[in-house]
Each structure stands twice: as C-alpha cells, then as structure tokens.
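S.K.: My questions will all concern the structure given below.
The values are calculated or read from the model by the stated rules, or taken from the named source; none is laboratory data. Values in this document were obtained by computation on a predicted structure and should not be read as measured data. Cβ placement follows ideal geometry from the backbone for every residue including glycine, while neighbour counts extend to all protein chains displayed. Side chains included, ligands, DNA and RNA excluded: accessible areas come from the protein's heavy atoms. Shrake-Rupley method; radii C 1.70, N 1.55, O 1.52, S 1.80 Å.
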Amino acid sequence: MLSKSELKTFRKLTLKKFRESENKFIVEGKRFVEEGINSEFKIFKIIITDEFRLKENKFLAILKSKKLEFEIITNNDFLKISSTKNPQGIAAVFEIPKKNRLNLHEGKIVCLENISDPGNLGTILRSCNWFGIKTVLLSKNCAELYNPKVLRASMGAIFHLNIHENINLINEISALKKMGYESYYADMNGADYRKINFNEKCIITFCNEASGPTKELKNNSDYAITIPSKGNIDSLNVSAAAAVILSRL
C-alpha cells in the first residue's frame, strides 16, 4: 500500500514546480499507461484501484508478464491523485527523461514557437506522431510538456516522439540551415502549402495562436506557407492548421 506521504507526493505531480523538483510526471487511464509501458520511458510506480483490478484481469496479466509491480489503493485515495472527472482507476508515474544533445540529422523536424495553450500543444504532438514526425522542438515560451492537459490531448504521443523543451529556436534553426535544411513557418500570408515540394530535410514551425510568428523567426526562415481560405472566418486553430500542413508531408 502507498503511504500517505507517497500519495501526497503523487498528488503534487499535477503542479509544474513539483514535476520539476521530483523529475517525474503522472498519467492516467488504461490506454495512456499502456502507451507508456510500451515505450522507453522509465516507470516509477503503477497505481490501480481494487475495482480496476477486478475488471481488468487481462491488463494486469500484461503488467505481470512485463514484471511490472503495481500498488492497489482505494477509490477515495485514487481521487486524491487524479486530475480527471471520471478516472478509470489506473495511473502511472514516469521519470522525465534526460535529453541528450539534439541530433541534427533527424529528417523532417517540427518546431513550435510560443504555443501557449496546453490543448493545442498536445493535439499538435498527437498529429506529429500520426504523420510520422519524430523530432519536435519547443521554444521557451511553449506550454509545459508534462502539463496534464498537454498529456491528455497528446493521447500518448509524448512517449513516441523525440521532444526537446526550452529550445532557442532561432539558434537551432540557424544551425540546421547550415546543414542543408530548409525552414518554413505557417502564417496567414505565404505560399500555398499544397504547391510546396518539401525537402526530406526541412523544418516547419507553427506559432503562437494569437500573435503569430515572431520577427526573429521570419527573418531566419526561408519560406512562409499558408492554408488558403474559402470561408468567412479569419483564421484556423493552430492545431488544426498543423494537422492539415503535416498531412501534406
């Protein structure tokens, strides 16, 4: 059984400062935990309720086959560590991986500049995984990667992407361009994305929902691209725009 101290610690993992100090994050839900245990992320603790144990014999058999131990707690105690309205009764604590120096030979790379909405960030990461992007760079003013809202919106994509946080995008883009990469950014004004023949070595940057690309990004990129509009609204949600453009790749 988990001690009161452990429960208190896991509950605090919903807060950014404790995720950083403990170097851990917590995810909830059977599918999300399954994505995690099938990844290279290091598991610290798996937590289930007795109700989940009785319903999910096959899933528990998978955990046992992988020699993964789990703690059983009451529904009331589980609610103390849960950040969802209707928890499934399973959660897992993972260690935040230490990132090695950025590999500059990664093929197509997505950069996110100042994406502040956690839901948008998580949804873009989900699209990146769907369309086969492997490396994502997050600028210093993006939403925090292990925010529970980002995690839920990513649907487990964070376990399968090479994501680097707090990156100086201008410096990295400049370094990548010296290695033969072409740099694109999505904007309201630019070339029709459907007419672009993207190189294998390319960078595509999606920018802040309200303010768009920074002047520095524009000055250090090769091309602006856009999605032509046929309707009356003035813009697309950045996560929707990212999915449309990434599908072109």
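S.K.: Per residue, how much accessible surface does segment 125-196 expose to a 1.4 Å probe? Answer in Å², no decimals.
M.R.: 46 Å²
S.K.: Kindly identify segment 200-249 as rounded, prolate or oblate by the Cα gyration tensor criterion: order the square roots of the eigenvalues as a ≥ b ≥ c, call it rounded if a/c is under 1.5, otherwise compare a/b with b/c, prolate if a/b is larger, else oblate.
M.R.: Taking the square roots of the gyration eigenvalues as a ≥ b ≥ c, segment 200-249 is oblate.
S.K.: When you have a sec, figure out the Kirkwood radius of segment 27-101 from all distinct Cα pair distances and drop it here in Å to one decimal?
M.R.: That comes to 12.9 Å for segment 27-101.
S.K.: Once the Cα gyration tensor of segment 99-179 is diagonalised, what are the square roots of 5 times its eigenvalues, in whole Å and ordered largest first, as equivalent ellipsoid semi-axes?
M.R.: 21, 14, 10
S.K.: Starting with the highest mean, order 20-32, 120-132, 137-149 by the number of other Cβ atoms within 10 Å, averaged over the residues of each peptide.
M.R.: Highest to lowest by the protection proxy: 120-132, 137-149, 20-32.
S.K.: Further question: Please list, or write none, the lysines whose alpha carbon is within less than 26 Å of the alpha carbon of LYS201, excluding same-chain residues fewer than 8 places away.
M.R.: LYS98, LYS99, LYS108, LYS134, LYS140, LYS177, LYS178, LYS215, LYS218
S.K.: So for the pair ASN57, LYS8, with labels modelled 7 Å out along Cα→Cβ, what separation do we get in nm?
M.R.: Here the modelled spin labels are 3.9 nm apart.
S.K.: Related question: Near LYS45, which aspartates and glutamates are there with a Cα under 20 Å away, not counting those fewer than 8 places off in the same chain?
M.R.: Result set, ordered by chain and number: GLU6, GLU20, GLU22, GLU28, GLU34, GLU35, GLU56, GLU69, GLU71, ASP77, GLU95.
S.K.: Moving to a separate point now. Once the Cα gyration tensor of segment 38-78 is found, what semi-axes does its equivalent ellipsoid get, as square roots of 5 times the eigenvalues, in whole Å, sorted largest first?
M.R.: Equivalent ellipsoid semi-axes, largest first: 19, 14, 7 Å.
S.K.: Percentage of Cα-Cα pair distances in segment 43-174 greater than 24 Å, rounded to whole percent?
M.R.: It works out to 41 percent of all Cα pairs.
S.K.: May I ask for the Rg/Rh ratio of the chain, computed from Cα atoms with Rh as the Kirkwood radius, given to two decimals?
M.R.: 1.03
S.K.: While we're on this one: Using a Gaussian network for the chain with springs between C-alpha atoms less than 10 Å apart, which of these wobbles most: ILE204, ILE96, ILE133?
M.R.: Comparing ILE204, ILE96, ILE133 in a Gaussian network model of the chain, the most mobile one is ILE96.
S.K.: Next question. Do me a favour and compute the ellipsoid semi-axes for segment 1-41 from its Cα gyration tensor, root of five times each eigenvalue, largest one first, whole Å.
M.R.: Its equivalent ellipsoid spans semi-axes of 20, 14, 9 Å.
S.K.: Could you tell me what percent of the accessible area of segment 152-196 is made up of carbon and sulfur, with a 1.4 Å probe and every protein chain present?
M.R.: 47 percent
S.K.: Which of rounded, prolate, oblate describes segment 140-246, given a ≥ b ≥ c as roots of the alpha-carbon gyration tensor eigenvalues and a/c under 1.5 marking rounded, otherwise prolate only if a/b is larger than b/c?
M.R.: oblate
S.K.: ILE225's amide H: which non-local residues (gap 5+, or another chain) put their own amide H closer than 5 Å, with H modeled 1.01 Å from N in plane and none for Pro or chain starts?
M.R.: TYR185, ALA186, ASP187, ALA191
S.K.: May I pose another question? Could you give each residue of segment 127-132 its phi-based ³J(HN,Hα) in whole Hz, using Karplus coefficients 6.51, -1.76, 1.60 with θ = phi - 60°, and x for Gly or Pro?
M.R.: The phi angles translate into 5, 4, 5, 4, 8, x Hz.
S.K.: What do you reckon, how do ASP192, ASP117 stack up by accessible area (1.4 Å probe), largest on top?
M.R.: ASP117, ASP192
S.K.: With θ taken as phi - 60° and the coefficients 6.51, -1.76 and 1.60, list the Karplus ³J(HN,Hα) couplings across segment 238-249 in order, rounded to whole Hz; mark glycine and proline as x.
M.R.: Each residue of segment 238-249 in turn: 4, 6, 5, 4, 4, 5, 4, 5, 5, 5, 5, 6 Hz.
S.K.: Right, here's the next one. Quick one: Cα centre-to-centre distance for segment 57-79 and segment 197-249, in angstrom?
M.R.: Comparing the Cα centres of segment 57-79 and segment 197-249, I get a distance of 43 Å.
S.K.: Under 5 Å between amide H atoms, partner at least 5 residues away or on a different chain: which partners does ILE167 have, H built in plane at 1.01 Å?
M.R.: LEU138, SER139, LYS140
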